[in-house]
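> Please read through the structure below; I'll follow up with questions.
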Amino acid sequence: MGQRPPEGLGSRDRILWAATTMLGEGPGAILSVRAVAARAEVSTGSLRHHFPTQRELMDAALGVVYDVLLPEDSIHDRSLSAHERLVACLQRLLAPAGDKVDSRDAWRRAFESYVAGEPTQAARDEFLAIDREIRRRLDYCLRVLQGEGAVPAGDNSARVALLLNVVNGLSIAQVMPTEVPRAQAELDTLRLAADYVLGEAKGAGGK
């Protein structure tokens, strides 16, 4: 017997519950409105009422997932320096589920879904939704630090792209053979990336 929505949830929360449980069932699984509605035990009309477009449904579902994997509240912990908080944010991006997910298996699934062959439109939409959510959370971290004067004011798009490219590169390196202690090498690289972004503020202040 398939999963059923937890008792006591309203229709919107039932839909989000259904969508998040379907995320790991193959690229684009939650883009099937009928399938999500069926698992949520709501009508397709109810689903469309809460989420008029597939993009809105995908973004909302991923927001729920990343609230657990990458909570935003830790960036506000001012008992840590801005540098320490930014590095911690990048570390969570690099290993959002901690040691619970095997890096090699995660990359194998990502390769099969998005790289090995021409991705389907559903797979493409899913990947872009994940990318949007990760960029949004990185931007949020930087905007908090901007409010503290640790990051220069202005658009963060280039900074987000830089930091995300660093994290993506390290995630590939995680599955490759290495002769150096991997954990320390990753930490050193993330610290250098944070140094660069935060160093902009020091440079601007020194002009």
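The values are calculated or read from the model by the stated rules, or taken from the named source; none is laboratory data. Bear in mind that the values here come from a model prediction, so they are computed numbers and not experimental data. Counting neighbours? That spans all protein chains shown, and the Cβs are built from the backbone with ideal geometry, glycine included.
> Across the range 142-187, which residue is nearest to A82 (Cα to Cα) among those that are acidic (D, E) and loosely packed, with under 11 Cβ neighbours inside 10 Å?
D155
> Sticking with this one: Out of curiosity, is V65 within 17 Å of the chain's Cα centre (by Cα) and modelled with pLDDT under 95?
yes
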